[in-house]
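Bear in mind that the values in this text are calculations on the coordinates, not laboratory data. Note that this is a predicted model, so its numbers are computed, not measured. FYI the Cβ positions are ideal-geometry reconstructions off the backbone, even for glycines, and counts take in every protein chain you see.
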Amino acid sequence: MPSTSSTPSLSSTSATPGYPIRRLRRLRRTPALRRLVAQTRLGVDDLVAPLFVADGLETPRPVSSLPGVSQHTIPSLVAEVRRLAGLGIPGVILFPLPRTEDKDATGSAAASPDGITRRALEAVRDAVGDDLVVMADCCLDEFTDHGHCGIVDPGTGEVDNDATVEHYAELAVVQAKAGADVIAPSGMMDGQVAAIRAALDGSGYPTTAVLAYAAKYASALYGPFRDAADVTIVGGGDRKGYQQDPRNGREALLEVALDVAEGADMVMVKPALTYLDVVAEVRRLVDVPVAAYHVSGEYAMVKAAAERGWIDGPAVALEQITAVKRAGADFVLTYFAGELAEVLGA
Ligand code: PBG
């Protein structure tokens, strides 16, 4: 039977002494050859920058566990977004943060008509128009006094799925009204995509898209994000009751399939590097765009090692984000977006 593989057997085809080593090296000889045959091409178009904006700040506040990342004021956020758009970055995802005294049990400040969510989104939209895709993370943990992503049932102490989903739907409409192009629910509640889609359609925002954090793991790599967002889960708690177990891969495919069936326009896998197998499988499973989130802990590890001179930070950043794309992501949310855009060029 003829072989169906396009790769010749390494042992049978060459008259060249030293084969196959020479053959495999031929196309690696010069930078131009390598460029020509590169299978994965990372470009500025693949990058989305996560940004924090805090209510009541006078000046931007650097986040110590995320070197190069700050909690912004609205004016500094607008300046940063303009800078990123100028570098050719196609999208940002906004994380608005309330004043500590505005946090409560239901995270009511998130959807408040005069709150930071609305003001920040409107300011960004006014500044960049349609030059940049403005995404809004749709979750409550930044706004709840207990730090959970939703409404906690006082009886069980657990997050109440359906009560939470109603709040997400309300928040999504506020975000769409303020100018978000994309709503990105990150709370891992069942049915959140369907509820948000219905609320957007029912409120006159049928063109606002949904990027579902579909396969989001209960990861230890979110630590620096929680510093950046001033989130502490009450009683040393965790999110293992609603985010995925890192030991499970198949479950991610079920989560993704459900979110697409509920109307997700795009799906996300998060974190990125510890779940490249999931990224690859999800890419094969669905036809919608697949995003991966290279999260705060992934960024912080590179920065920390580079600061000590143990690794070449920019080279590792480029290698890691390229690997996420090679695994199958169509775009990557990364705190390296600005730095990479400067290296990659528009
Ligand atoms: C929840 C949310 C989190 C991140 C994005 N959205 C934190 C969490 O689930 O605890 C983490 C992102 C990162 O670590 O960079 N609003």
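At-a-glance table
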item	result
Estimated FRET transfer efficiency when R0 is 30 angstrom, pair residue 245-residue 311 (beta carbons, to 0.05)	0.50
Model label zone, residue 166; criterion: amide N under 12 Å from point 7 Å along Cα-to-beta-carbon; scope the stretch 138-160	151
Globularity ratio of the chain, using Cα Rg and 2.2 N^0.38 Å	1.07
Cα-based reach from residue 303 at 20 Å (exclusive), listing aspartates and glutamates while leaving out same-chain residues under 8 positions away	227, 312, 319, 339, 342
Using a Förster distance of 41 Å, the FRET efficiency for residue 24-residue 201 (Cβ separation, nearest 0.05)	0.15
Cα-Cα pairs of the stretch 191-346 separated by more than 19 Å (percent)	59 percent
Cα→Cβ-extended label distance, 7 Å offset, between residue 79 and residue 145, nm	3.5 nm
Most to least packed among 218-227, 302-311, 100-109 [average Cβ atoms within 10 Å]	218-227, 100-109, 302-311
On Cα atoms only, tilt of 161-177 relative to the major axis of the chain in degrees	80 degrees
Summed side-chain charge close to residue 214 - residues other than residue 214 whose Cβ falls under 13 Å, Lys, Arg +1, Asp, Glu -1	-4
For 138, 149, order by how many other beta-carbon atoms lie within 10 Å, fewest first	149, 138
Cα-based convex hull volume of the stretch 37-117 per residue, rounded to whole Å³	145 Å³
Gyration tensor over alpha-carbon atoms, the stretch 261-326, equivalent ellipsoid semi-axes in Å	28, 11, 8
Flagged links, alpha-carbon separation over 28 Å, of 103/216; 177/240; 103/270; 103/325	177/240; 103/325
